[in-house]
Structure formats: C-alpha cells, structure tokens
Amino acid sequence: MNMILPTAVSATPNGTTRPQVRIVIVGHVDHGKSTLVGRLLHETGSLPEGKLEMLKAVSARRGMPFEWSFLLDALQTERDQGITIDTTQIRFRTRSRDVVLIDAPGHAEFLRNMITGASQADGAVLIIDALEGVRDQTRRHGYLLHLLGIKQVAIVVNKMDRVDFSADRFKEISDEISAHLTDLGVTPSAVVPISARDGDGVAEHTARIAWYRGPTVVEALDALEPARPLEQLALRLPVQAIYKFDDRRIVAGRIESGHLSAGDEIVIMPAGKIAKIKTVESWPVTPLKGSHGAGRSVGITLDRELFIERGDVIAHAGATPRDTRRIRARIFWLHDKPLSKGDQILIRLGTRESRASVVAIEKAVDPGELSNEETKAIARNHVGEIDISLAQPIAADPYQDNPRTGRLVIEVNGRIAGGGLVLSVDAGQRAVPIDIVPVESALRPEERSARYRHNGAVVWLTGLPGSGKSTLARALERRLFSRGGSPILLDGDTLRAGLNGDLGFSAQDRTENIRRLAEVATHLARNGHIAVVAAVSPSADDRAAARRIADNSFREIYVATPAEVCESRDPKGHYAKARAGTLQAFTGIGNDYQPPARAELSIDTSAKTVSDATDEIERMLAETGILFDELVDLAANI
Amino acid sequence: MHLLNSDSAKDRLRGADLKSGSAVPQIFADGRLPPPSMDHLDELEAQSIYILREAFARLKKLALLWSLGKDSNVMIWLARKAFFGRVPFPALHVDTGKKFPEMYTFRDRFGKEWDLDLKIEPCPPIDAVDPTLPPAARSAARKTEGLKWALTKYGFDGLIAGIRRDEEATRAKERVFSPRGLEGGWDVRDQPPEFWDQFNASPPPGAHLRIHPILHWTEADIWAYTKRENIPIIPLYLSKDGKRYRSLGDQDITNPVASTASSIDEILTELDGTKVPERAGRALDHETEDAFERLRVAGYL
C-alpha cells in the first residue's frame, strides 16, 4: 500500500485556530505603506529565511539603496515603477493572533485594487506622511473605508524623522484627520507617530518619540478585532443554486446572517412563497442536526416543491427582507466612463443579478476634495448617491439593518464598475408575504393521471406569428380531449386580453407576460392537466425562465415554419400593418426572434399536414412520459 | 384564507417579553439556541465552498486542475462537500509525464475512488517551449503549453486551480476569479476590482477564467484540514531518511527539504517554527528574480 490514509485524530492542529485578523494598510501614494509592512515583518520576525539578504543583494546589484518596501514589491513592473500597483497579502504573527496584512496601492490610478484589498479587511491602518500631511488620497481612502463598512481604523503618522519628531506637527495632522473621519462616522482607534524606515513607534517606543504615550503600531494592530459573523441578525440565505444530482432537490447557499434549523418555517423572497426546511444536507455525513449560523455554506431541502431560483433570499417568516424594484444607494464608481442618469447597468446584490437603470444622481463628489457636488454624473473614483430602478423585483435590506444583504455591486459590460451601500428600499406592490398560504389540492396526482391517462404537462409552442402555433394547439387540444385527456389551451393573445391586459410589448413586459403564462400553465400541469401554450415568446431567456418554472413538465415545440411562409399567411394581418409601419414592436419582420436550441420537437407546418404534425406531438408526449398508451403502462407509472 | 394562525403570531413574539437586565447575556430574537461557532478551518471551508458554487453557477464549462498535490486534493474534497459528494465537472490532470511514481499510483486509485471525471492531458515536448527561459522554468512551462492545448480541445471557460496567496509573492496579488487573455495570459496590470464576494465571471469569448477557491488558505491550513477531514495524501510529503517534500512537482525539478516530520502533526509543528519558504524545493522559483512571474504572466498557475 503506497498511500497514506490518516486515521481519525482529535487533537486541534497547532497554529490554525488562533484568532486571525485581516488589516488593510491604506493612504496616499509614497506615504510609506510598503515600508511600514516591510518593517513590521522584520520587527515581528516573520520574514522567510534569506529574503532580506536576497533583496539587499538585488538592491546592491541594481545600485539602489535598500528599501523596506522591496519586500513587497515582488513584481518586476512594480520595482521598475517604484509603486505598488496591486493588492498583496502578507501574514505575520503577534503574541496573541495571526495578522494578514493587506497592502493596497496608494496611487489614484489603482483605486480599484485598493478597494479589492480593503474590502477583505476587518480593520484598517491609514498612513499619513508627517511632512506632506493629509492629502487627497488620504481623504479618499478614509471615505472609501466608510463606504466599505470598515469601522475600525488606526492612524499612523509616518516619516516623523522628516519633521524632527515634532509633537506639534503630529497633533496638527492628528486633529485634521480625526475631524475628517469623525464626520464620516469613523472614530480612529489610535493615532501613532512613527518612522517606518528607522523603526520608531512600530514595535517599540523610542526616545525620539518620548512625548507619545499611546500604543505602538503592533499594539494598535493587536487591538483591532476580527469581524464577527452576523449571527444575531435575522436569517438571510441568498440562494446560489438548486442541485438535483440525485433524488434530493437541494437549495444551496451561504447563510449571510442569522441561523436556521430543520423544521424552520421560511419565506422565499422576493416572491413571498412559504415552506418548511425539511433537512439540512451535507457530505460525507447527512442530514445534519442542530442549528447552523452565519458564515456556513449549507444545502437545505424543503417540505414542498415550489419554484425557487438563484438570487432568491430565504428568511424566517415575520423577519423577511423587503422586495423592491427601487433602491437608493451610496456608491463609489471605478469605471472610466462616468455613471450618468439614464444609464443601463447590471446590479448584483447577494446572488441576484438584475438589469437596472439609473433614475437619479445626487451628491456626486470627489471624496478627495469633498466639494463641488454634482447631480448629473459620478466620475471615475468619485462617490455619490443614486436611485436605481430594477427590471425585476429583488430582495434587499437597508445597509443599517443588514450589511450583507444591504450592499450591491454594479457591473458594466461584464466587469465590476462600482459598488455601494443600500440606503433605502421602496416597498414593492406585493401583498405581505405571510398572508400567502398555498392550499394543496385534495386530489393526489395519480388519481388524476389514472382518469386522464396522462401526467400534467406544459406544452409550449413557440414560433413566428403565422407559423401555425394556434392551429396546432387547437388540433392537439381536440386530439387529447378525444382520448379522454384534460388539455387546456392558453393562447398568448387570449391572455393578453384579460390576465395580462396591463402589459405592453417592451422587453420587460414581454418577460412578465411569459412569466405569468408559465405560472398559470405550471399550476394547471401540477393539477394533472396538459396546458397547451401558444405564444410567439421570441426571447430565449424568457423561455428558459418558463422552463425553470415548469421544470420537468416542460415540453417545448418549435414551430419552425419559414419566415416568408408565415408572412404570406398573415392570419391576423399583422405583417401587413408592420410593413406599412402602423404596428410597432412586431416580432416577425425583424431579427428579434431567437429560435430554441434544445426544443423537444421542431415542426415546419409548411411541409406537413396539421394531422401529421399533431401525430408527431402526440408521439413525443408519449415518448417523454406524459401520455400513457396502455393501461399497463399506467400501472408501471404509479 | 389569509389569516395568521395563532402559532405563527406567537412565533413572531417569541423573546419579546424577556426583561432587559436578564442574566442571559445575549438575547436571540427568535429564542433559538445559538449555533456552534465556527473555527478557523470551518470559515475557510465555507468560503471555498461558496466560491466553488459561484463558479459552477456562473460558468458554462468548468474543469478542476488536479495536480495530485496536497492543495488540489483538499480542493477536490471541498468540491465534493460543495456538491454533496460528487464533483460535477471534470478533474483535469495536465501530465508532464515526469511526476513521481507515487503520484501516478495516487491518481489512478483516487480518480476511481472519488468517482472523478478524470481527464489526463499530455504536455508538448520541451522543444516546443520558449528557449529563452532558464532550464527549470522552461521545463515547467511545458505545463502551461499542455494547459493551452487542453483549453483548446475542450473549450473550458473556467479552470479551478489550487494556488494560495501565501505560497509566493505574485500569487498574493491574484483575484479569486481571475480573467485570462485569449492566449491564457494574466494581465496583472489590469485586474478588475473584486469585493464583497462578487466576482467578475464574464470572460470575453475565447478567453477563460481561473478560479482560485483556496487562495486564502495557508500551507498550515491545508495540513490541518487534511488531518481533520482524513484526506489521503501522497507519502512523499512525510519524512524519510531525514528529508521530505513540501511541495510536489516534476521529479527532475523538485527537491526534498531537510525534515524529520513523519506525520501531519509533526508537519504542523515544523511549519509553526520554520522560516524556509514552501517552494524552496522548486528549482524554477530561484533561477532568476522574475522567472516565476514571467511564467505566471504567460499563464502558468
């Protein structure tokens, strides 16, 4: 046997259960961040063997005096330019804990990297050059710490050797930055005078700063606390995915706040559907007992089958997030092109993504200057408040109530372009979720299928106007009814006359139209009927959503009649009107119909009789387990 | 009926009548017992599972790079946890053909035992690789080429890789979701922002993403977790005749380090005191200052 299969051991591993705190070092370019990090590593004995010597040798070879910052500037590009361009992380240990130091670039051009680094931190050290004092990037970083939700900030006034360790100069800077941060709601935990190059104030008090009585940098770092998981807040479980790898239907996600146990009554937002947690699944041991709290990645099963998808948020009844299409947020903007009123963006909040548009912009400002407020656009590296209108309802909390479900990022062209805190959410129009108590049918599904000799299904006919969807749908309805089944026709236009009378033909309204059709059809299918849907449904995304709603009962039929045949038929006169310009947003003469790639069946009605086409559909339904040809088959299916 | 039943009304009031100043230090809003708190390894595991599930949800064609080493074995374990037992995408071994025999034995056994969809891809001969690289880096660069071949062959849009920030300075700058150019290259100067566990998961057509689910782990974390979860390892990691491998690569460019650690516990004790870097036995890291960085910019892991 060549492999080692360790036997179970109970001892807690050494060195990995110590508290770990992540601290970002921010501040204006050249104020000495990397130097401080290099010095801290040296003072705490954390440098790898040979590293210091190697870098000294490199410096000598390049004819440069040794700098502590070389330790971090491991990338050649950085050595050449003498600035840190991206976040890096370095670990060291103090007496009581492990510290992960995140060195973030100070150059304005690399603010996105500073944010990337700082967002991972529990606390921050803001470094200021004693000679230069508070600069624009100092203020900007201070403001961003506030927007990133980092409340523990220690200030380090560096290069005290350049001002002859003047206590007066120190106080001047200390007062200015403290006032700035206090305005933002951030109280500095310490203000420490140091010389990172010489070591004063880093790990030791030296004679040159004898007038200073506060903590050293190492002591100040020791006082920063690891962020606590948000167990005391209400349950928020954003859904990452639904897995059906076996006969379990597992809803997977990470508990962002609160906790849950099997048996809990939950509400799925934003739809407001209710269910109970049946089990908490895991691997290799499953199911899990007990309570599971914030920070855990879990998988749960529910006591009933209902439509749930990635982006939904699971909460406890009575303590749900709001469902909304309208959000006000305070954001920072990192994209080259300023964010303007009317811009179309993509919002990510938790695991939900939604298209959105910017309705209003207020208080746009350069956080480095904090003057000249704008209301038209938010420029790169600036901050501001925006009102966002979302294409679909989402579940969200104000940041004050829940920091995890109260923050969002903005994506432009598939790349993160900004982010910020949710200041407020407008309540949706929906009824209060707890009022919804789905009542289950008194009949069991097999009772119905025994009578109809079929299972419930959603037969979805999609295709261009005039392709023959309605004709086929009616023929199929007659055929199924004749064999004792229970078909129900749901024609797109018929529903638009009633249930969907409030909807027009914008992309958004078309999506909602399809969603309603799919929900109604799925309800019928669950109750054993075969819902025959005839709808142009040009968008592949919309049809995919319908398939998700109807799940296993969905059968898509692409009525693939050639466009010119459809136009020549023109049963409703729509093509003629569209050609004449009197009918807008008509699918058929443009290129806006997206044919299905994976339909269960494809039928060209110009090449087949209605009766042959109906045979084909019937055969497909039999082959895919909807229709039972013989009663013996039925027995096998129960 | 839309009326509240009395049970749910009561549920909502639970805990509300507790007096302030009660001896209970923390009042939980719903009166349930607090869950057991998470230790350091629990936190690492939960974060990695979250990342793996995000990758699976947002990319179309994923593969997990299985180098057979301790890190990628932990990663496979985490993937099995994330997806409840079975890894739902292929495990890709880009094989230089020069690994240790113990590694191949391990691959053949656990590829089956873990029910992996194992894909083994060869690397091109050394002549096909940039001749200006120093010898060991050039040898390692074969793997980058092999990877490019595999990418072209299968059309993966996401590759899950087991690199860690603490291994090496350039890896410390990585994103969790790291976009790669059409040639597989890494543009360290133009990395997109990544924060709040929101990831850039839309590579341009033809390009791909590297996903790094254990970027935030350390070498000691890997061992502590391997021990806790009872994950099998290749015996080369344990001391034999006063030496052991801390990191496993190709036979000809990987050397053992002096060590007496013959169990995971002893490895953890050793790591607690050491200042020798993990990749000390990897020749390619030490040839020139920038050899490793050049490899990574070209698409090495």
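What follows is calculated from the coordinates using simple rules that are stated; it is not laboratory data. Since we're looking at a predicted model, the values are computed, not measured. Please note: Cβ atoms are built from the backbone with ideal geometry, for glycine as well, and neighbour counts cover all protein chains shown.
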7 Å from Cα along Cα→Cβ at both A:Lys337 and A:Glu374: what's the point-to-point distance in nm? 1.5
Points 7 angstrom from Cα along the Cβ direction at A:Glu219 and A:Lys151: gap in nanometres? 2.5
For B:Asp95, other-chain or 5+-apart residues with amide H closer than 5 Å (H placed, Pro excluded) are B:Glu121, B:Cys123
Run through the range B:55-87 and list the trypsin sites (Lys or Arg not before Pro) located in a DSSP loop whose Cβ has at most 13 other Cβ atoms within 10 Å. B:Lys60, B:Lys61
For A:Lys273, go through the lysines and keep the ones whose alpha-carbon is under 24 Å away, minus same-chain ones fewer than eight residues off. A:Lys244, B:Lys10
When Cβ neighbours within 10 Å are restricted to other protein chains, what is their mean count per residue of peptide A:274-286? 2
A:Ala622 to B:Lys243: FRET efficiency via 1/(1 + (r/R0)^6), r the Cβ-Cβ distance, R0 41 Å, to the nearest 0.05? 0.05
With θ set to phi - 60°, apply the Karplus curve 6.51 cos²θ - 1.76 cosθ + 1.60 along the range A:235-245 and write out the HN-Hα couplings as whole Hz, x wherever there is a Gly or Pro. 4, 9, 10, x, 7, 8, 6, 10, 10, 10, 6
In peptide B:42-49, how many Cβ atoms from other protein chains are near each Cβ within 10 Å, on average? 4
Just report the Cα centroid separation between the range A:229-268 and the range A:113-174, whole Å. 39
Could you list A:Thr624, A:Thr609 in order of exposure, starting from the residue whose Cβ has the fewest other Cβ atoms within 10 Å? A:Thr609, A:Thr624
Of the beta bridges DSSP finds with both residues in chain A, what % are antiparallel, to the nearest 5? 65
Provide the per-residue ³J(HN,Hα) series for the range A:153-165, in order, calculated from phi with Karplus coefficients 6.51, -1.76, 1.60 and θ = phi - 60°, each as a whole number of Hz, with x at glycine and proline positions. 10, 9, 9, 10, 9, 9, 6, 4, 4, 6, 10, 6, 6
Check B:Arg246: other-chain or 5+ apart residues with amide H under 5 Å from its amide H, H built from backbone geometry? B:Val257
Looking only at other chains, what is the average number of their beta-carbon atoms within 10 angstrom of each beta-carbon in A:291-298? 6
Full-extension gain in nm, A:Ser482 to A:Asp401, via 0.36 nm per residue minus C-alpha separation: 23.3 nm
Return the distance in nm (one decimal) between the two label points of a simple spin-label model at A:Glu564 and A:Asn527, each offset 7 Å from Cα along Cα→Cβ. 4.7
I'd like the FRET efficiency for B:Ala258 and A:Gln594, computed as 1/(1 + (r/R0)^6) with the beta carbon distance as r and R0 of 51 Å, rounded to 0.05. 0.20
Taking the Cα of A:Ala207, stepping 7 Å toward and past its beta carbon, and measuring to each backbone N in the range A:142-172: which are under 17 Å? A:161, A:164-166
So if I take the centroid of the Cα atoms in the range A:324-364 and the same for the range A:271-294, what is the distance between those two points in Å? 34
Structure-based [θ]222 nm, chain A - -39500 (n - 2.57) summed over DSSP H runs of at least 4, per residue, nearest 500: -7500 deg cm²/dmol
Under a 5 Å amide H to amide H cut-off, with H placed in plane at 1.01 Å, what residues pair with A:Val153 once short-range neighbours are removed? A:Ala124, A:Ser189
Say R0 is 41 Å: what FRET efficiency, to the nearest 0.05, do A:Asp502 and A:Arg248 get from their beta-carbon distance? 0.60
Backbone N within the range A:246-267 under 16 Å of label point (7 Å from B:Asp42 Cα along the Cβ vector): A:254-262
Counting only C-alpha contacts under 8 Å and six or more residues apart, can you give the relative contact order of chain A as a whole percent? 9
